[in-house]
Amino acid sequence: MISKNLAKRIINKVRNLLEEDLIVVDTTGTIIASTDEQRVGHFHEGAVITCREQIKVIISKADESTLQGVKAGINLPIFFNEQIIGVIGITGDPKQVSGYGELLQKMTELLVKESYYFEQREWEARTRELFVFDWMKQEQWSASFLHQSTVLGVDISVDRQVIIGYYKQPEVKQLSTDIWTDVIKQYSEDDEDIFVRWGTEQFLILRAGHKSIASTKRLLQQIQSYFAEQYQQVVLFGVGQAIEAKQLFQSFKQAERALQLAQGERTVVFDEELQLEICLQEVSLATRIELVERTIRPLLTEQELLETLKLFITLNQSIKKTAEALHIHINTLHYRLKKIENVTSLNPRDFHHLTTLSIALTFLEDYLKNNYKNALFSEVHP
């Protein structure tokens, strides 16, 4: 039987094509959607006849006085999988509206099919999401989990690598099923790979087997290009290591850790490439903020010096390359580095001091976020 929500969708889709009033009736003869809201919920005897006979029924003016709840027009059966699931009717002079009948019937049946397949895809996607969620939290695989893996055709005997994709823009909404289906079709290189949505801002890719960093990076860059071109969205990736399927959660935690470092030019970060960052991830927020306070906080009002320091570190402390990149004379760069030392009491040309400055820069985003929150709190609670 056709649902009320689908009936309303059909009315909204079709009403712009016809000036006449429309109704959608279920197989019990109850009007469940109409361009005339007052008719919703009323009994329609003409629709009952249409369902019984499974043919188009013309309602004349004379029939209005003998059949309950009808108006002159035509009633058309709606078929799905060779079964009648409802009736759509056009109100008006039967001679004038009959010409629209076949078109309206075909359009309605197409909308029904579209809705059904959309719901099927959504159900399948949701089922996989729940399966992966269970996979993440189960230490021992239950009989029902093993059965579901068979039903879904998921091979849980191969090693898996978890990849987390994240939409950088906060305003981005959840992926629609159609978009998500397109992504899977285009970028699932291996039939054994699993793609699932993960909340409203993330999705997971569970790659089967041990893939090279180069091939994985190529795949993720292709997905990034797709979202950038089609939806003007930036997608960041954190990549865990391939691990035994029963230990999948470990790869997930690695991917989470890598994702936290994906920003700026590093939009794809592999956990296995992390070194010092692993230790820095464990540093508490309070310690991060304190280090920035003790080192580079004065540079926040000296953006020219701050950018010079960042570039100097990025270019491996090359005086020549840094000066060229900043389009300044080498003597000017020396002057700036000396000024950074005066302001922070740390010499950028001293290895130990530079390491401290570099780590402080790594913590700068956390510091700025925390100060922003504190500023907001102060405004609300003076």
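Its residues counted as N, region 301-356 yields a C-alpha radius of gyration over 2.2 N^0.38 Å of 1.00.
In region 23-82, the portion of solvent-accessible area held by carbon and sulfur atoms comes to 49 percent [1.4 Å probe, whole percent, DNA, RNA and ligands not counted].
Considering only PHE145, VAL97, ILE163, the residue lying farthest towards the positive end of the dipole of region 95-163 is VAL97, judged by Cα position with unit charges set on Cβ.
Amide H to amide H, with H built 1.01 Å from N, ILE78 comes under 5 Å of ILE85, GLY86, VAL87, ILE88, counting only residues 5 or more places away or on other chains. In the complete set of protein chains, residue-level accessible area for ASP366 is approximately 40 Å², probe 1.4 angstrom. These residues, TRP123, TRP141, go from largest to smallest accessible area, 1.4 Å probe, as TRP123, TRP141. Is the C-alpha gyration tensor of the chain telling us rounded, prolate or oblate? Criteria: a/c under 1.5 is rounded; beyond that, a/b larger than b/c is prolate, otherwise oblate. Cα axes put the chain in the prolate bin. Between the alpha-carbon centres of region 3-25 and region 294-350 there is a gap of 67 Å. For region 35-87, taking Cα atoms only, Rg and Dmax work out to 11.4, 35 Å respectively.
With respect to the chain, whose longest principal axis is taken over its alpha-carbon atoms, helix 285-294 is tilted by about 40°. Legend: residues HIS210, HIS42, HIS353, sorted from most to least accessible area (1.4 Å probe; ligands, DNA and RNA excluded), read HIS210, HIS42, HIS353.
Maximal additional length on extending the GLU201-ARG15 stretch stands at 63.5 nm, based on 0.36 nm per residue less the C-alpha distance. A Cβ-based charge dipole, computed about the Cα centre of the chain with Lys and Arg at +1 and Asp and Glu at -1, lands at about 780 debye.
Centroid-to-centroid, using Cα positions, region 216-240 and region 110-132 are 24 Å apart. Which of the three applies to region 30-181, rounded, prolate or oblate, going by the alpha-carbon gyration tensor with a ≥ b ≥ c and a/c under 1.5 meaning rounded? Prolate shape, in that a/c is at least 1.5 and a/b is the bigger ratio. Helix 177-187 axis versus longest C-alpha principal axis of the chain: approximately 60°, rounded to the nearest ten.
In the context of the full set of protein chains, residues of the chain present 56 Å² of accessible surface per residue (probe radius 1.4 Å, heavy atoms only). May I ask which of LYS56/LYS106; LYS137/LYS211; LYS13/LYS113; LYS71/LYS95; LYS253/LYS310; LYS217/LYS246 have a Cα-Cα span longer than 19 Å here? Check vs 19 Å cut-off fails for LYS137/LYS211; LYS253/LYS310; LYS217/LYS246.
Computed with every protein chain present, the accessible area of LYS137 is close to 130 Å² [probe 1.4 Å].
The listed residues ARG197, ARG349, ARG121, once ranked by accessible area (1.4 Å probe) with the largest placed first, stand as ARG349, ARG121, ARG197.
Label-to-label distance, HIS327 versus VAL343, with points set 7 angstrom from Cα along the beta-carbon direction: 2.1 nm.
Taking all protein chains as shown and a probe of 1.4 angstrom, LYS338 keeps an accessible surface of around 100 Å². With R₀ set to 30 Å, the beta-carbon distance separating GLU139 from SER212 gives a calculated FRET efficiency near 0.50.
The values are calculated or read from the model by the stated rules, or taken from the named source; none is laboratory data. In this text, all values refer to a predicted model and were calculated from it rather than measured experimentally. Reconstructed Cβ throughout: ideal geometry from the backbone, glycine too, with neighbour counts over all protein chains shown. To get the accessible areas, we keep the full protein, side chains included, count just its heavy atoms, and leave off ligands, DNA and RNA. Shrake-Rupley method; radii C 1.70, N 1.55, O 1.52, S 1.80 Å.
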